[in-house]
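The structure appears right after this line, and notes come after that.
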Amino acid sequence: MTLLLQYNPVEEEEAIMEARTKGIELDEYNSDAPWAMAGRVMRTMSSLPPSKRVFPAFNPTIMAWVEDGESTKRAAALLALSFLCEGCVVVFSEHLVALLDLVIRMTHDADLVVVEAAYWALSQLAEYVTPPILSHHDVVMPALAVGLTCTPVALMGAFLATSVLLEVPR
């Protein structure tokens, strides 16, 4: 599951551009790793249709998976939220309190894969739902402080979120 965190849309765009400069057609460029495919689908789904329709469509599945007994489903739900952050900023801003409660609760999960996914989701909320997230610093910053003492992947998510929040002009 930690491999799902490897999807980086910027790196993928750079790889596609490099493939084009080498004369490789896009249909020949195939990054079929599960995390890349999932990331592309979620990113596309959140950016093309109106976000007010996207989040309600995914929300029941995400919420069901968050409560699932299987850690891979809980982690997948958090990763889905993180992929939707960029395209659903307005909707996420409207539901920010509930989303933060959910994500921060998941940082205390018994399974480290879920904890890592939760910190990644928190970093994406910090990056894309800014400045609204700044008004919740009293909840977010203590959770990030704990993340800085976790596994390397959780540390990366907590560090990214912290750096984004510290860079935002007030």
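The values are calculated or read from the model by the stated rules, or taken from the named source; none is laboratory data. Remember, it's a predicted structure, so these values are computed and weren't measured experimentally. A quick note on method: Cβ atoms are made from the backbone with ideal geometry, for glycine too, and the neighbour counts reach across all protein chains shown.
Quick notes
- Against the test of being of a type in the set (A, V, I, L, M), assigned to a loop (DSSP other than H, G, I, E, B), surrounded by fewer than 21 Cβ atoms within 10 Å (Cβ to Cβ) and modelled with pLDDT of 85 or more, the options Ala98, Ala110 yield a single qualifying residue, Ala110.
- Within segment 61-85, residues that are of a type outside the set (Val, Ile, Thr) and surrounded by fewer than 24 Cβ atoms within 10 Å (Cβ to Cβ) sit with their Cβ atoms under 9 Å from residues that are modelled with pLDDT under 85 and not in a helix (DSSP H, G or I), at 6+ positions apart or across chains, in these pairs: Ser71/Met1; Ala76/Met1.
- Residue check, Ala126 part of a helix (DSSP H, G or I), free of Cβ contacts under 8 Å to residues at least 40 places away in the same chain and not β-branched (Val, Ile, Thr): yes
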